[in-house]
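First the structure, in the form of structure tokens, and then the observations on it.
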Amino acid sequence: DLPEPPADYTPPFRDFSAAHYPWARKAHHSGLLEGLLEFEPGHKGAYDFWANATRGEACVLLYNLLQSE
């Protein structure tokens, strides 16, 4: 039940999948990806949405989700 971002919102990652990009865009706009190193200001890496998430990444996402309720 994440809210739709504004139509002009562009996340800091490219469209990587027609099926998954809209969900990742919503997650980023809602703050669920905050705290992941690849999305920190000045970081030059790119998050690999197709790679397995580490325990730390999963914890960050779950923590952010719990904080949003």
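To put it simply, the accessible area of the chain at a 1.4 Å probe is 56 percent carbon and sulfur. Comparing mean-square fluctuations of GLY42, GLY56, GLY31 from a GNM of the chain with C-alpha springs under 10 Å, the top value falls on GLY42. Mean separation of Cα pairs under 8 Å and 6 or more residues apart, divided by the residue count, gives the chain a relative contact order of 29 percent. With θ taken as phi - 60° and the Karplus curve 6.51 cos²θ - 1.76 cosθ + 1.60 applied, the whole-hertz 3J(HN,Hα) list for the stretch 15-32 is 6, 9, 6, 4, 7, 9, 4, x, 5, 5, 4, 5, 4, 5, 4, 7, x, 5 Hz, x standing for glycine and proline. The HIS43 and ASP1 beta-carbon pair, evaluated with R₀ = 30 Å, returns a calculated FRET efficiency of approximately 0.55. Can you find, among ALA51, PRO5, HIS20, the residue farthest towards the positive end of the dipole of the chain? Put +1 on the C-beta of Lys and Arg, -1 on that of Asp and Glu. Comparing the listed Cα positions along the dipole, ALA51 ranks first.
Each residue of the stretch 50-56 was assigned a 3J(HN,Hα) from its phi angle through the Karplus expression (A = 6.51, B = -1.76, C = 1.60, θ = phi - 60°), giving 8, 7, 5, 6, 6, 4, x Hz with x at Gly and Pro. Measuring max minus min along each principal axis, the C-alpha atoms of the stretch 1-62 give extents of 30, 26, 20 Å (largest first).
The values are calculated or read from the model by the stated rules, or taken from the named source; none is laboratory data. Note that the structure is a prediction, hence the values are computed from the model and not measured. Neighbour counts run over all protein chains shown; Cβ positions are idealised from the backbone, glycine included. What goes into the accessible areas is simple: the full protein's heavy atoms, side chains included, and nothing from ligands, DNA or RNA. Shrake-Rupley method; radii C 1.70, N 1.55, O 1.52, S 1.80 Å.
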